[in-house]
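The values are calculated or read from the model by the stated rules, or taken from the named source; none is laboratory data. Remember, predicted model here, so these are calculated numbers, not experimental data. Please note: Cβ atoms are built from the backbone with ideal geometry, for glycine as well, and neighbour counts cover all protein chains shown.
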Amino acid sequence: MKSEKRIQKVVDLLINSKYALVLTGAGISTDSGIPDFRSPGSGLWEKVDPMEVFSSFAFQRNPRRFYEEGLKMLSHFSAAKPNISHLLLAKLEEKSLLNLIITQNIDGLHQKAGSQNVIELHGNLREGTCLGCGRKYSMETILEKIKDEIPPLCHMCGGIIKPDLILFGDMLPEREYNLAQEACLRCDLMLVMGSSLIVAPVDRLPATAVSGGAKLIILNAERTIYDRQAEVVINGSLSQISESIDIL
Ligand code: NAD
């Protein structure tokens, strides 16, 4: 199928769906200047061993390293701006053509673009939690605290404060994951944008949607294991694809 025809098919499926959701991954934010994990040449994993810095085991063993190296690597996330793909999804929601975004991203760019219904499966960089008493701290407070002490400690119980990120080895937030699964069973259309679909357990969500009868669209730079089950696959730059989705 020619690429214009595939774009038109995406538009038709969106217009005709009753409950559409999008599953986004790090690839939707690379055009906002945030590298993904695995893209050759630019992925974060070429710069750091994830298990040494971004695992719950590493955090427990050496929280100082997480704050000094890991958080520093993520510091530019908060300055990033939404790109055309984030804005497209916000517009689709506004026009009632999109019901929900399920994201693996921690950058908050969907909310910055104006999307309201967003499930964040891997946490966020807005807040942190004391591992001792569960008290919540804003990221501003955490960044202020680490000027004086690393790791930052809870002023109530002295426990270590951890940003609300899901690290390797952490459980996914149960409530969010259950809501995501229910939505996947309920939807009649799932778009995947910018995900390699290899990170568990999110890699199972497209199968859940398809088993419930949903149609699948995959928009990604490279192939995924779900391509054969998809109604439409477009391999290319998400910004270019989003620009050509003229639906609004
Ligand atoms: P991933 O790195 O495994 O896959 C990203 C996919 O996006 C790849 O298949 C890549 O080819 C594609 N891609 C990259 N740039 C693209 C572009 N401009 N246009 C089209 N496709 C593009 O990411 P994932 O599937 O999200 O899973 C890995 C983990 O990455 C998640 O746990 C997530 O929390 C974490 N992560 C998030 C951010 C973020 O918040 N922006 C950044 C890095 C990693």
* Residue pairs meeting the criteria (Cβ under 7 Å; at least 6 apart or on separate chains; first at negative phi, in the stretch 226-242; second assigned to a loop (DSSP other than H, G, I, E, B) and more than 8 Å from the ligand (Cβ to nearest atom)) -> Asn235/Arg223; Ser239/Asn83
* To do: From Leu189, Leu205, grab the single residue that is under 26 Å from Arg6 (Cβ atoms) and within 14 Å of the ligand (Cβ to nearest atom).
  => Leu205
* How many of the residues in the stretch 193-248 are in contact with an Asp or Glu (Cβ under 8 Å, 6 or more places away or on another chain), closer than 21 Å to Gln181 by Cα and crowded, with 17+ Cβ neighbours inside 10 Å? -> 8
* Asked: If you scan the stretch 231-248, which residues turn out to be more than 14 Å from the ligand (Cβ to nearest atom) and within 19 Å of Leu205 (Cβ to Cβ)?
  -> Glu231, Val232
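Here's the yes/no breakdown for (1) in a loop (DSSP other than H, G, I, E, B); (2) without any contact (Cβ under 8 Å) to a residue 40 or more places away in the chain:
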{"site": "Gly134", "(1), (2)": "yes, yes"}
{"site": "Ile142", "(1), (2)": "no, yes"}
{"site": "Lys147", "(1), (2)": "yes, yes"}
{"site": "Pro151", "(1), (2)": "yes, no"}
{"site": "Lys162", "(1), (2)": "no, no"}
{"site": "Met171", "(1), (2)": "yes, yes"}
{"site": "Arg175", "(1), (2)": "no, yes"}
{"site": "Ala180", "(1), (2)": "no, no"}
* Any residue at all in the stretch 122-143 that is on the phi > 0 side of the Ramachandran plot and at pLDDT 95 or above? -> yes
* Tell me, which helices (runs of 4 or more DSSP H) wholly within the stretch 8-115 include 1 or more residues that are near the ligand (Cβ under 9 Å from one of its atoms) and surrounded by fewer than 22 Cβ atoms within 10 Å (Cβ to Cβ)? -> 71-74
* To do: Keeping to the stretch 55-102, report how many residues are aromatic (Phe, Trp, Tyr), more than 17 Å from Ile146 (Cα to Cα) and more than 19 Å from the chain's Cα centre (by Cα).
  => 1
* Structure fact -> Taking the stretch 208-224 and keeping residues assigned to a loop (DSSP other than H, G, I, E, B), touching a helix residue (DSSP H, G or I) at 6+ places or on another chain (Cβ under 8 Å) and within 11 Å of the ligand (Cβ to nearest atom) leaves Ala221
* Structure fact -> Given (1) without any contact (Cβ under 8 Å) to a residue 24 or more places away in the chain; (2) out of contact with any strand residue (DSSP E or B) (no Cβ under 9 Å at 6 or more places or on another chain); (3) within 17 Å of Thr103 (Cα to Cα), Gly114 misses just (1)
* Asked: Before we move on, is Lys162 surrounded by 16 or more Cβ atoms within 10 Å (Cβ to Cβ), more than 17 Å from the chain's Cα centre (by Cα), away from the ligand (no atom under 15 Å from the Cβ) and under 24 Å from Val53 (Cβ atoms)?
  -> yes
